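Reviewing the structure listed below.
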Amino acid sequence: MHYAGLVIAALAFVSATLPAFDYEALKQLIETKQLTRIEQVVESLPPEFHVNYTLMRESRSLQEASATAPRVIAYSGDGTLIIGFNGDPTHRNFQQLELIQFRKATNRFEFRAIDFPEEAGGKGAPIFSGPNPGACFACHGGRLRPNWEQYNRWPGAYGETDDFVEKDELKALQSFVGKEMKTGRYRFLKTLEGSEATPYENKMRGRLRFRPNFRLAALTFAHQADALNTRLRTAKTFPKARFLFAMSRLGCDTKLDAAKELEVLYGVGAADPIVPLDRPNMKNLHAYVLHNIGMSDKSFTTAFGPSEDPKREPYFFHCGIPKDITAGYGGGGGTLGIDGVIELTDLVMSRMVRDLMTELPELKPHFAYARWMEHRFAADPLDRSLAAQLDDVVGIYDHKRLMGACAVLERGYEAR
């Protein structure tokens, strides 16, 4: 069941020279090989799905799970295809694969389901749903997106807290890996040498290859940022609002009156406080822009449910990645306070500024990617390649460098 150390490279993304394995490729695989059981499908998946996965001992999805028969969430190296299945015939939706495909052409998530009649004692070929079945909307929102909580806690998953497994959770995981995981659909999943909690970590904030929950969070946030940026472009006020959004997330020190600018863009009442925020200022202005565009906190987040903290800033969903890559998170003694980490809104802003560079060439000297994953995980040669490729997808910008663009952004805003 274990991979040798040199085979850890299988965790890396599919080479750019190869076509991505997507829903269409999966459908073709099932039909061409005439696969009628989920076990056959799991065995036939590309190796990346056998090493990129997390296990849900408690499930809030339509697929039931338990500690001894967890739900598997397997994903491609770039996170564009997510496949869910469970392993106990008595559990709900044992006969079904659940799929989320991120469509890069449209920057939208597409949901699918594939039913296998033989898994329920019936006969016949697998049944492929159309895009976005109605049952998906109850949990995944009107604008469909994955449900995956912000860093660093993923309720219900093994490695629930920062991919770190210990005590009773470790015993339960090791029992599953030693018994049930060697049977049925599970037996095609691979574990990795180097951690007694494989596929998770046995130490805090450890190696990237043993952090499937964190990797999935980073990829999910990246694709959600792409989707949100595309959606925001449809707003009539976007050509001007994007400047305010970017300056807010950078914490620019400007002469602009936040409340006044909101009322100019959106009319009377646009600056009314959003609970629990006070009146708008340049640090929270991004939340007011989203609110006035009509994007709610709930539609923005990838979190399954509402925040348990009523004092939390709206639209605040952090990735656990420091803005200053030399500080915090094992770097140089900094902290991971709210002001010091990358938020989903920061990733959206990064994409806005990247697009703005075609209109404002003056922004180019200020924009660069931080290569944070490489910086954080470079010490371990087995993690280095994986980290670099994760950086490519997430697109974490150099926060300090981009702060130098504040004057350019303010001039661009005033010129429109």
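The values are calculated or read from the model by the stated rules, or taken from the named source; none is laboratory data. Everything numeric here is computed off the predicted structure, so don't read it as measured data. Neighbour counts are summed over all protein chains in view; Cβ atoms, including those assigned to glycine, are modelled from backbone coordinates with ideal geometry. Just so you know, the surface numbers come from the protein's heavy atoms only, side chains and all, with ligands and any DNA or RNA stripped out. Shrake-Rupley method; radii C 1.70, N 1.55, O 1.52, S 1.80 Å.
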Figure the gain on full extension for Ala25 and Ser296 (residue separation times 0.36 nm, minus the Cα-Cα span) and round it to one decimal in nm. 94.1 nm
Residue separation times 0.36 nm, minus the C-alpha to C-alpha distance between Arg354 and Arg60: what's the value? 102.2 nm
Cα point-scatterer Debye curve for segment 364-416, base-10 log of I(q)/I(0) at q = 0.17, 0.19 Å⁻¹: -0.60, -0.67
Evaluate segment 37-126: find the radius of gyration of its Cα atoms, find its Kirkwood radius, and give the ratio Rg to Rh. 0.97
So the FRET efficiency between Arg401 and Lys179, C-beta based with R0 = 30 Å and rounded to 0.05, is 0.05
One-quarter of the Cα convex hull surface for segment 85-129, in nm²? 3.7 nm²
If packing is taken as the average number of other Cβ atoms within 10 Å across a peptide's residues, how do 211-218, 49-56 rank, most packed first? 211-218, 49-56
Cβ-based charge dipole, the chain, positive-most Cα from Val275, Val177, Leu250: Leu250
How large is the charge dipole for segment 185-241, taken about the Cα centre, if only the Cβ atoms of Lys, Arg (+1) and Asp, Glu (-1) carry charge, to the nearest 20 debye? 220 debye
Give me the percent relative contact order of the chain, please, defined on Cα pairs under 8 angstrom at least 6 residues apart. 15 percent
How high is the relative contact order of segment 201-320, in percent, with contacts defined as C-alpha pairs under 8 Å that are six or more residues apart? 24 percent
Over segment 131-223: Rg over Rh, Cα atoms, Kirkwood Rh: 1.03
What nm value, rounded to one decimal, do you get for the distance between Lys123 and Ala303 when each label is placed 7 Å out toward the C-beta? 5.1 nm
Under a plain spin-label model, where a point goes 7 Å from the Cα along Cα-to-Cβ, how far apart in nm are Thr234 and Asp88? 4.1 nm
Compute the normalised compactness of segment 175-281: alpha-carbon radius of gyration over 2.2 N^0.38 Å, N being the residue count. 1.79
At 37 °C and a viscosity of 0.692 mPa s, what translational diffusion coefficient does Stokes-Einstein give for the chain, taking Rh as the Kirkwood radius over Cα pairs? Give it in µm²/s as a whole number. 146 µm²/s
How much accessible area per residue does the chain have, counting only protein heavy atoms and a probe of 1.4 Å, in square angstrom? 43 Å²
Going down the list Lys104/Lys182; Lys260/Lys298; Lys260/Lys364; Lys364/Lys400; Lys236/Lys298, which pairs span over 24 Å between their C-alpha atoms? Lys104/Lys182; Lys260/Lys298; Lys260/Lys364
Measure off, as a whole percent, the carbon and sulfur share of the 1.4 Å-probe accessible area of the chain, all protein chains present. 53 percent
Once the piece of chain linking Lys104 and Arg187 is laid out straight, how much longer is it, given 0.36 nm per residue of separation minus the C-alpha distance between them? 26.7 nm
Restricting things to alpha carbons, find the Rg to Rh ratio for segment 23-78 using the Kirkwood radius for Rh. 1.01
Taking the Cα centroid of segment 252-288 and of segment 32-59, what is the distance between the two, rounded to the nearest whole Å? 48 Å
For the chain, give the share of DSSP beta bridges that are antiparallel, in percent and rounded to the nearest 5; count only bridges with both residues there. 90 percent
